[in-house]
Each structure stands twice: as structure tokens, then as C-alpha cells.
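Accompanying notes for the structure given below.
The values are calculated or read from the model by the stated rules, or taken from the named source; none is laboratory data. This structure is a prediction, so every number in the text was calculated from the model and none was measured. Reconstructed Cβ throughout: ideal geometry from the backbone, glycine too, with neighbour counts over all protein chains shown. Only protein heavy atoms, including side chains, enter the accessible area calculation; ligands, DNA and RNA are left aside. Shrake-Rupley method; radii C 1.70, N 1.55, O 1.52, S 1.80 Å.
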Amino acid sequence: MTDMHHRKLPKMFWTLAFLSALILLITLFSAQLAPYDPYATDPQLILKGPSAEHLLGTDNYGRDILSRILAGGKTSIFAALFIIFAAGSIGSLIGVLAGYYRGRMDSLLMRTTDIFQAFPDIVLAIAVAGVLGGGLFNAVLALIATAWTQYARIARSATIAVKEETYIHAARLSGCDDARILILHILPNIAGPLIVTAVLQVSIMMMGLAGLSYLGIGIKIPEAEWGAMISEGQKYLQQAPWAALAPSGVMVAVMMVFNMFGDQVRDLLDPKTRENRVQ
């Protein structure tokens, strides 16, 4: 930790941190930044190409695509962040309890984790979303059901290693109960790999949400969401390619920024990773 404070952060880290923060600010204030109502239809503007009035053109209902991309960004990005927060909290709690108490609790929690990990993430998400039905809430639940296992594994392994450290034994001898040890001593010392996993999962959860919407079991039209917009726009790919390409391009660019920022955070919190890359 001390090494991290003394090490000068690279310019790339600050650049990507700035871009990530800018994306979050733009999506947060998307309603104020959108030039038009993202849900307002106009029969006279159906599938109009990009112009000064509509920078990214209009869709099959005459809605401004730029405005819908901004509105969809709030749904896609903040839903992904909520999924990561919920899945990270649930998975970390399960992993910490399993790693700290071991025995029967460890066996029960890890066997449950194994059951969820036995299925590919997207297959499990599709199955859960299909059973629950469409909509943002059910899509979020489906993705939480697939994402928590990774945090549980990481938290368990880190807890097993940390619980044998001298300062944990000292905390026990000083009279600290299990809850205090877990919250004040173990969690802060295993947070690094969990934070890295969370940052790297932003784009994965965005893609998962977009994938469910694209398949018709996520967010439903007319709600603005990038996957749903791509699914609807591909029907008019030949006559109005901007309807699908605009949200696709924006989603890819945003995912690249978060992925690259995640790599920088991983290098920052785990110097060994950066050293291995250099070698």
C-alpha cells in the first residue's frame, strides 16, 4: 500500500479516469443534455439521416437517436454499476464468511457457488430472465445471479490468506469479536482484487444487459437502452444504418474506456501484473 502512495500515477491512468468520470457525468445529466425528448415520435422524421438538426439521424419512429443514446446510457451504465454493487456485496459477503469460518459453512456456500458456476454466465442469465420475464428489474436480477460467484471465489481465497496474518491473531487476543475482525481488519485488506474485478466488470455487465435486451428478454422498446436500440435498428440496416451503428459505436467506445481504465486500476493495485507485462 505504501508503494502505491509513493509511486507516481501514469498519465494514461489520469486520462482514462477523466474519460470515465466524463462518461458518468454525461449519463447522469443526459436529460439536460439531450437536444430532444428521446421518446417523442414524429412521422415526418422517420429514418432521416444525420443532419445539423439531428446529428445522428432518427429512428423508425422519428425519434432523435442522439437523445435516445444519451437516455439509454443512463440505463445501461447505471444499471451495470448497480449490478456490480449488488453482486459484489453478495459475493464478497459469501466469500468472506466461507473463508473465515471454513468447515461446514465453507462447504455449503462453495457448493452453492459451484452450482451457479456450472452454467455459462450468459446461458444462466438468459434462463433466469426468461423465467422472470422481460423488463429492466428482471434483467438486473438475472445478471446479479451470474456475477456474484466471481466475487465469492476471490473473497474466499483472500480471506483464507489474510486470516492467518499476525495482526488478525493480535486482534483476536485483544478481545475483538468476529464481526469487528471481518469489517475492520479483513475486508479492507482484501478490497484491492475485489475493486479491480468490479471495474473490469462494468463493460461485461453493460454487454450482458445489452445482450438480454437484444434478445428481447431485457429492456423493452420504447424504453431507451443501447441493446434494445441496436436490436430495433438492425431491421433497417440497409436503408438507415445509423439507427444501429450509432448506438453500437457509442457502446463499444464506452466499454473500451472502462476496460482500459480497469487495466490501469489492476496495474495500480497489483504491481506484479505490470511487471509481468513488461517482461
Residues of segment 177-207 being open to solvent by less than 10 Å² (accessible area, probe 1.4 Å) and either small (G, A, S) or touching a strand residue (DSSP E or B) at 6+ places or on another chain (Cβ under 9 Å) (or both), in sequence order, are S203
Within segment 231-247, count every residue that is open to solvent by 30 Å² or more (accessible area, probe 1.4 Å) and either touching a helix residue (DSSP H, G or I) at 6+ places or on another chain (Cβ under 6 Å) or among the β-branched types (V, I, T) (or both).
3
If the Cβ limit is 9 Å and pairs must be 6+ apart or interchain, which residue in segment 172-193 that is closer than 16 Å to Y101 by Cα pairs with which residue that is modelled with pLDDT of 85 or more and in a loop (DSSP other than H, G, I, E, B)?
I181/K163; H185/E165; I186/K163
Please go through segment 72-112 and give me each residue that is over 24 Å from the mean Cα position of the chain (by Cα) and aromatic (F, W, Y), ordered by number.
Y100, Y101
For the condition within 30 Å of I115 (Cα to Cα), outside any helix (DSSP H, G or I) and open to solvent by 70 Å² or more (accessible area, probe 1.4 Å), what is the one hit in E164, E223?
E164
With the structure loaded, tell me whether K8 is of a type in the set (K, R), modelled with pLDDT of 90 or more, in a loop (DSSP other than H, G, I, E, B) and out of contact with any Cys (no Cβ under 8 Å at 6 or more places or on another chain) or whether it fails that test.
no
Looking at A21, A86, which is the one that is in contact (Cβ under 8 Å) with a residue 40 or more places away in the chain and part of a helix (DSSP H, G or I)?
A86
Meets criteria (surrounded by 21 or more Cβ atoms within 10 Å (Cβ to Cβ), at negative phi and either within 24 Å of the chain's Cα centre (by Cα) or outside any helix (DSSP H, G or I) (or both)) for I115:
no
Out of everything in segment 27-66 that is within 27 Å of the chain's Cα centre (by Cα) and either closer than 20 Å to Y236 by Cα or modelled with pLDDT of 95 or more (or both), what residue ends up being most open to solvent (accessible area, probe 1.4 Å)?
Y39
